[in-house]
Structures are given as C-alpha cells and as structure tokens.
Amino acid sequence: MHDVMIVGAGPAGTAAAWDLLAAGCSVLLADKCDFPRKKACAGGITPKTLNLFRYDISPVIRRSCDRVRIGALGQKDFFIQGKGPLCHMTRREELDTFNLAQVIKLGARFEQIGPVSSVTESLSHVTVRTGGQQSGNGAGDGARYQARYLIGADGANSVIRRLILKHPKIMKSFAVEADVDIKNPMHQEMTFDFVPGLKGYYWVFPRDDHVNIGIYTLNGPKSNSMERLKRYALKRLGTHRLENIRGYPLGLGGYRHNPSARRVLLAGDAAGMCEPLLGEGLYGAVKSGQGAATAVIQALGGVTAGASGHYRTGLNRLKKDLLLYELSSRWFYRFPGMSLTLLSKPRIHQRFSHGFSDGLSLSQILKL
Ligand SMILES: Cc1cc2nc3c(=O)[nH]c(=O)nc-3n(C[C@H](O)[C@H](O)[C@H](O)COP(=O)(O)OP(=O)(O)OC[C@H]3O[C@@H](n4cnc5c(N)ncnc54)[C@H](O)[C@@H]3O)c2cc1C
C-alpha cells in the first residue's frame with residue numbers, strides 16, 4: 001500500500017507529490033491521461049508562483065514579460081511596468097510533463113487510470129476504485145488502489161470532490177484560449193483588455209514563436225466564444241487564424257474550502273483554489289498541493305490534529321488571499337470603467353506591479 005495516492009498529475013498533484021517524496025513518503029500519482037497531454041491554460045506564471053517551485057523550471061519558460069498593456073479593446077490603453085518580470089510564459093503541456101518528470105525522478109510511481117468510480121475511507125486507509133461496477137469484495141472489471149491518504153488534484157470538474165463531499169458544488173469561471181501564428185511574436189505586448197459586460201477580459205500572451213490569446217469570464221461558457229476570440233485576434237493581431245482552441249472551467253471559492261474528510265484532501269482547482277479576478281490558478285494549485293503534502297506528512301508523523309486539521313490551518317493564508325481576490329473581483333467587474341481609470345494612475349498600479357514582480361501575494365502587497 002502506498003502512503004499517498006494522488007489523483008491528477010497537474011500542478012497541484014505534482015507539487016504535492018514532490019514534497020511528499022522529499023519527506024520519504026511513497027506516492028502513487030494517477031491521471032486519466034498519459035503525458036504529454038493538452039490542457040487548456042495560457043501557462044502564465046507569476047513571480048510568486050515561480051518562487052513556489054522546488055526546482056528550476058526555466059527549461060520550460062518561453063518568454064518573460066516585465067510589462068503589461070491594460071486596455072478596453074484599444075481604448076484607454078496604458079502600461080504597467082514591473083521592477084522585473086511580471087509573468088513568465090510557458091506551455092502547459094511542457095510545464096506539466098516537466099513537473100511529472102521531476103517527481104518520477106524522485107521516486108513517484110505514475111499510472112494512467114480509468115474513470116474513478118468510488119472512494120471509500122476506513123480507519124487506516126482509503127480505497128479508490130476505477131472502471132466498471134464493483135462486485136462483493138472485489139473491484140468488478142475495474143482496478144482497486146489503496147493508500148493511507150488520498151489527494152484529489154483532478155481539476156475544476158473533480159470526480160474525487162463529487163465522490164467525497166455531501167455538497168460538492170463549486171463556483172466556476174470559464175476560459176477559452178487559442179494559439180496564433182504571427183510574424184514577430186516577440187514584438188507583441190502582454191495585454192489584458194477588459195470589456196464591459198464580459199465580467200472578465202481578453203488576453204494576449206506572447207511566447208517565443210507564437211502568441212496565445214484567450215477570453216476569461218465569470219459569466220460561464222458561451223457558444224459564441226470562438227467567434228468572439230476570432231474578432232479579438234483580428235482587432236489586436238490582424239489575423240483570425242486560430243489554432244489549438246481549447247476551453248475549460250476554473251475552480252473558484254477556495255476561501256470557503258473546509259477540509260473535513262479524514263483521509264482525503266482536495267488541492268488546486270478541485271478545491272476552488274483559483275482566484276476569480278484574473279483566473280490565476282497555478283499559484284493556488286501549487287500552494288495548496290504543497291499544503292496538502294505538509295498536512296499528510298504531519299498526520300503520518302503522528303501529530304494529532306489529523307490531516308484535515310493540519311490542512312485547514314495550512315490553508316489560512318491562501319484562503320485569506322482568495323477572499324481578497326473575491327472582493328476585488330466583485331468590485332472590479334461591477335465598476336469596470338471606474339476601476340480601470342483608478343488602475344491607470346501610476347501611483348496606484350505601481351504599488352501592485354512592484355509587489356507582484358517582487359513575488360508578493362495580494363495580502364502582502366496590501367499589508368493585510
Ligand atoms: C483557458 C485557461 C487559461 C488559463 N490560464 C492561466 C494562466 O495563464 N495562469 C494561471 O495561473 N492559471 C491559468 N488558468 C488556470 C489554471 O489552468 C488552473 O487553475 C490549474 O491548471 C489548476 O491546476 P490543478 O493541478 O488543480 O488542475 P489541472 O491543471 O486541471 O490538472 C488536473 C489533472 O487531473 C487529471 N484528471 C482530471 N480528472 C481526472 C480523473 N477523473 N481521474 C484522473 N485524473 C483526472 C487531468 O488530466 C489533469 O492532468 C487557466 C485556465 C484556463 C481554462
């Protein structure tokens with residue numbers, strides 16, 4: 001039996017795996033996909049997220065941007081300049097494959113699994129069944145895994161969440177992204193365009209050999225997202241030829257997450273750890289993955305509060321940040337015009353841009 005089974009080998013799952021392995025735990029990391037696999041994500045890594053990684057991820061950084069253009073589709077554009085990089089651009093399939101390679105090197109066992117059909121907790125361990133109907137004491141035509149703890153890091157549509165929580169509903173936003181092959185992508189600016197009514201924004205993330213664009217919205221998926229994205233590409237980049245179009249929900253509301261299961265913890269989007277203002281989820285994924293690992297290590301070491309208790313305490317700072325983002329996003333998207341006017345004042349945005357490029361979190365910048 002493994003000490004820990006982790007379902008989901010995205011950033012939350014691999015971050016948890018790395019810390020558990022470094023502490024000497026045995027880890028089974030399971031994913032429905034084999035890697036490399038595609039994942040809808042712009043792959044923007046802020047300095048505070050970069051600082052969380054336990055190893056150097058520079059081999060998968062394709063470009064770093066130290067300024068960002070903010071606007072409303074070409075009107076009122078202004079620039080926010082960091083003291084250093086504000087965002088590092090990666091491709092998610094490369095980042096995730098790189099992370100997985102690091103944890104396999106450290107001793108994780110990786111397995112591609114079928115659909116998880118049940119999770120059962122006992123006093124000493126957790127049993128995860130996949131595939132077909134379970135029969136009697138066996139696993140039917142599926143597979144059965146046992147571990148002392150389970151970490152559900154299977155993203156915004158988490159099956160583990162649905163199987164272990166009485167009220168598994170989670171708040172979600174939605175984003176769609178595409179790659180655009182253009183001449184001189186290095187000349188493009190990192191851009192956020194806020195549009196009234198969208199409750200979100202369009203983005204341009206320039207990488208080394210192409211540009212990634214997308215729409216982030218709190219309004220939920222819309223059938224005309226692709227048309228809107230094409231119109232945006234035409235306006236900002238002069239072309240509507242989009243490639244690799246992908247959309248996916250983002251898991252929000254983690255400021256309310258209250259771990260309660262004895263041997264199962266949720267991390268990343270599965271626990272709603274994405275912030276709602278800009279949809280930055282990689283920070284919350286890595287941070288909560290590491291927090292879940294610490295909680296399990298403490299519980300395995302016999303510290304009495306149990307894994308959920310340790311995790312609750314460990315999540316406090318992240319939850320505070322997520323609450324601040326929740327309040328900011330409510331304000332920002334209720335009054336987008338006024339918010340942009342305020343943000344355009346150097347006195348206001350410099351505090352944020354300098355703090356973000358220094359790798360500070362929102363609560364650290366606001367000194368709360
Ligand atoms: C279009 C888009 C753009 C984004 N851009 C950014 C950005 O630039 N910067 C940023 O910080 N955040 C961004 N985000 C948010 C970010 O992608 C997520 O917050 C982040 O991926 C969450 O990481 P995670 O490890 O929790 O989950 P995921 O990355 O979703 O990983 C979950 C893993 O679990 C696996 N899985 C799912 N279900 C099962 C199952 N039933 N059984 C087994 N395995 C399963 C999946 O294959 C996957 O490997 C974006 C999101 C979207 C949709």
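The values are calculated or read from the model by the stated rules, or taken from the named source; none is laboratory data. No experiment lies behind these values; they were computed from the predicted model shown. Cβ: placed from backbone, ideal geometry, glycine included. Neighbour counts: every protein chain shown. Calculation scope for accessible area: heavy atoms of the full protein, side chains included, ligands and nucleic acids excluded. Shrake-Rupley method; radii C 1.70, N 1.55, O 1.52, S 1.80 Å.
Where both residues lie in the chain, what percent of DSSP beta bridges are antiparallel, nearest 5? Here the share of antiparallel DSSP bridges comes out near 70 percent. With respect to the chain, whose longest principal axis is taken over its alpha-carbon atoms, helix 316-334 is tilted by about 40°. When all protein chains stay in place and ligands, DNA and RNA are ignored, the 1.4 Å accessible-area order of HIS354, HIS240, HIS187, largest first, is HIS187, HIS240, HIS354. Taking every DSSP helix (H) stretch of at least 4 residues in the chain, weighting each as -39,500 (n - 2.57) and dividing the sum by the residue count yields a mean residue ellipticity at 222 nm of -10000 deg cm²/dmol.
Solvent-accessible surface (1.4 Å probe) assigned to ASP193 amounts to roughly 0 Å².
With viscosity set to 1.306 mPa s and temperature to 10 °C, compute the Stokes-Einstein D of segment 2-365, Rh being the Kirkwood radius across alpha carbon pairs; µm²/s, no decimals. Approximately 75 µm²/s, per Stokes-Einstein.
Cross-link partners of LYS287 among lysines, defined as those whose alpha carbon lies under 18 angstrom from its own and excluding same-chain residues fewer than eight positions apart: LYS48, LYS319, LYS320.
In the context of the full protein assembly, VAL126 retains an accessible surface of approximately 0 Å², using a probe radius of 1.4 Å and ignoring ligands and nucleic acids.
Which net charge results for the neighbourhood of ARG351, defined as the other residues with beta-carbon distances under 12 angstrom from its beta-carbon, given Lys and Arg at +1 and Asp and Glu at -1?
That works out to +3.
Rounded to the nearest percent, how much of the accessible area of the chain (1.4 Å probe, protein heavy atoms only) is carbon and sulfur?
The value for the chain is 52 percent carbon and sulfur by accessible area.
Highest mean packing comes first when the peptides 268-280, 168-180 are listed by Cβ atoms within 10 Å, giving 268-280, 168-180.
Annotation for segment 203-257 versus segment 313-368: alpha-carbon center distance of 22 Å.
Using a Förster radius of 56 Å, what is the FRET efficiency between ARG330 and MET1 based on their Cβ-Cβ separation? Nearest 0.05, please.
Computed FRET efficiency for ARG330 and MET1 comes out at 0.80.
Rounded to the nearest 20 debye, the dipole size of the chain about its Cα centre is 1060 debye, using +1 on the Cβ of Lys and Arg and -1 on the Cβ of Asp and Glu. Taking Lys and Arg as +1 and Asp and Glu as -1, the other residues whose beta-carbon sits under 15 Å from that of GLY314 total +3. Dividing the mean sequence gap of close Cα pairs (under 8 Å, 6+ apart) by how many residues segment 2-365 holds gives a relative contact order of 21 percent. Build a GNM of the chain with springs between Cα atoms under 10 Å apart, and of MET226, MET338, MET89 the one that fluctuates most is MET338.
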